[in-house]
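Please treat every number below as a calculation from the coordinates, not as lab data. What you see is a predicted model, and the numbers here were worked out from it, not measured in a lab. Virtual Cβ from ideal backbone geometry, glycine too; neighbours counted across all protein chains shown.
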Amino acid sequence: MSYVEGYLVTKKDDYKNTVGKIAHYILRVMTSKEGGFFSAEDADSEGEEGKFYVWSLNELREVLNQEDMDLVEKVYNLSEEGNFEDEATGRKLGVNIFYQNQSFDKLRDELQLEDIQKKLERIRQKLFDVREKRQKPLLDDKILVDWNGLTIAALSKAYKALGNEKYIEAARNAAEFILKGLEKNKRLLHMYRDGQWKVYGNLDDYAFMIWGLIELYEATFDIRYLETALKLNEDVFKYFADKNSGGFYFTPNDNEELLIRNKEIYDGAIPSGNSVMMLNLLRLARITGRTEYEDSAYRIYKAFSKSVKSMPMGYSFLLCAVEFAVGDSLEIVMVGNKSANETKNMLKIINEEFLPNKVMVLKPIDEEEAKRVHKLAEYTLTQNLINDKTTVYVCKNFVCNNPTNDSDELKKLINSEK
């Protein structure tokens with residue numbers, strides 16, 4: 001997600017290329033045959049940390065000619081003594097991790113190589129083919145719902161920004177796999193492995209999955225994902241709500257009895273379930289027009305405000321939600337056929353901008369599908385096509401501009417609200 005947003009802000013190809021590499025790895029290595037995403041891959045193999053990934057210069061010379069060697073040594077900071085160190089002693093181990101610390105633009109100018117990326121891709125493929133013959137690290141093939149929710153959200157964001165169909169296909173497949181488990185078990189369970197779902201889902205499972213489904217809806221406008229997000233949202237209140245003080249407990253109320261039910265708010269390597277739920281509730285409120293969701297979101301902040309004030313940097317994602325709540329937000333409703341080229345063009349204009357505080361709804365022209373949208377977002381009843389063309393309503397804090405079906409006018413509206 002960070003690299004997607006970095007690309008949207010800066011339009012730097014380095015960020016876009018990194019998104020592609022991360023996504024390619026996830027789809028190639030970390031995706032199960034069922035569609036869900038595995039948990040982790042070890043750093044060590046054959047008893048040695050990093051052995052699968054590192055290279056000595058002699059190993060490289062067996063694969064590459066001198067011209068290619070000179071290029072990779074320069075671009076990826078390789079040396080005879082190596083850049084990979086023993087964690088305990090700091091001693092260099094004679095092997096290298098490939099890392100690039102200059103942009104392609106700088107390298108292209110410095111090395112006078114216009115086709116540097118093509119050359120490096122050819123070299124990469126050679127080395128990849130050799131590396132595939134090594135003993136691979138152990139794969140942790142548990143499928144965890146919370147981490148899958150995050151990955152679904154990330155791939156959906158990547159698809160909106162970059163338009164790669166493989167990303168949204170993978171996000172859909174993972175969501176469908178988890179929703180099949182939801183249908184079977186009547187609620188989210190935390191973990192899947194070897195054909196078995198296990199352990200009642202915790203707050204993170206629900207919060208992150210709702211986040212993933214909201215992003216997936218805004219990427220595909222399949223109303224079923226929004227309907228399911230709202231259903232899971234109700235389950236969060238049913239199983240996790242602290243009705244007295246606000247916020248949500250980490251464990252469900254029908255789990256085994258615990259001495260203390262914790263409420264987590266710290267945003268570490270991944271955000272807390274409460275922080276994500278605050279943003280989920282705000283987004284769902286703006287999508288549906290249901291103000292009670294906003295009230296519940298504010299209660300989360302009030303429940304934890306003392307902790308947040310004492311050390312704001314520990315609650316970064318919660319503060320993103322606070323910024324969404326108190327800052328300017330955009331509500332965008334598009335009316336039209338989602339398969340039509342004019343609709344896709346309008347979406348591209350919106351999705352290529354960094355608009356973190358926006359929500360989107362598509363009202364289809366199909367009457368039955370439109371009724372499902374009306375049921376969830378009643379205000380869309382009055383928003384209709386103009387001149388039988390895809391029409392966009394751009395609203396700021398629920399105050400709408402005049403609707404438009406002109407792409408230049410849409411660009412002006414979007415840029416004026418940034």
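In region 145-262, the convex hull through the Cα atoms has an average projected area of 7.9 nm², a quarter of its surface area. Taking the fewest neighbouring Cβ atoms within 10 Å as the starting point, the ordered list for D242, D86 is D86, D242. Would you give the gap between the C-alpha center of region 145-214 and the C-alpha center of region 264-320, rounded to a whole Å? What the calculation gives is 21 Å, centre to centre. Database note for the chain: Cys without another Cys beta carbon under 4.7 angstrom, C320.
With all pairs of separate Cα atoms included, the chain yields a Kirkwood hydrodynamic radius of 23.9 Å.
Close amide H partners of D44, meaning residues 5 or more places away or on another chain with modelled amide H under 5 Å apart, are G50. Note on the chain: with a GNM built from Cα contacts shorter than 10 Å, the maximum mean-square fluctuation among D222, D205, D194 falls on D194.
Summed over qualifying helices (DSSP H, 4 residues or more, each -39500 (n - 2.57)) and divided by its residue number, the chain shows a 222 nm mean residue ellipticity of -16500 deg cm²/dmol. Our note on the geometry: Cα centres of region 100-119 and region 383-401, 45 Å apart. Relative to the compact-globule estimate of 2.2 N^0.38 Å, the Cα radius of gyration of region 2-137 comes out at 1.16. Within the listed set L385, L27, L64, the residue fluctuating most in the Gaussian network model of the chain (springs between alpha-carbon atoms under 10 angstrom) is L64.
For region 101-211, a crude dipole built from +1 on the beta carbon of Lys and Arg and -1 on the beta carbon of Asp and Glu, taken about the Cα centre, is about 320 debye to the nearest 20. Multiplying the residue separation of N65 and K21 by 0.36 nm and subtracting their alpha-carbon distance yields 13.3 nm. Loop-located GluC sites (Glu not before Pro) across region 101-182 with a Cβ neighbour count of 14 or fewer within 10 Å are E114, E132, with loop assigned by DSSP.
For region 1-104, the set of chymotrypsin sites (Phe, Trp or Tyr not before Pro) satisfying both a DSSP loop assignment and a count of at most 13 other C-beta atoms within 10 Å is given as Y99. Over region 60-128, all Cα pairs binned in 10 Å intervals from 0 give whole-percent P(r) values of 18, 49, 26, 7, 0, listed from short to long. Backbone phi angles across region 241-252, fed through the Karplus curve with coefficients 6.51, -1.76 and 1.60 (θ = phi - 60°), yield HN-Hα couplings of 5, 8, 6, 8, 9, x, x, 10, 6, 6, 9, x Hz in residue order; Gly and Pro are listed as x.
Taking a 20 Å limit on the Cα-Cα distance, which of the listed pairs K51/K119; K238/K263; K74/K119; K166/K344; K21/K166 fall beyond it? From the list (K51/K119; K238/K263; K74/K119; K166/K344; K21/K166), the Cα-Cα distance tops 20 Å for K51/K119. When the trypsin sites (Lys or Arg not before Pro) in region 109-173 are filtered for DSSP coil states and for at most 14 other beta-carbon atoms within 10 Å of their beta-carbon, the remaining sites are K133, R134. 3J(HN,Hα) couplings calculated from phi for region 304-319 with the Karplus curve 6.51 cos²θ - 1.76 cosθ + 1.60 (θ = phi - 60°) are, in sequence order, 10, 4, 4, 4, 5, 5, 6, 8, x, 5, x, 9, 4, 6, 4, 5 Hz; Gly and Pro show x. When the chain is treated as a Gaussian network with alpha carbon springs shorter than 10 Å, the biggest mean-square fluctuation among A23, A207, A43 belongs to A43. The 3J(HN,Hα) values that the Karplus relation (6.51, -1.76, 1.60; θ = phi - 60°) gives for region 353-359 are, in residue order, 9, 7, 10, x, 9, 10, 10 Hz. Gly and Pro appear as x. Remark on region 330-416: Rg and Dmax equal 12.1, 35 Å (Cα only).
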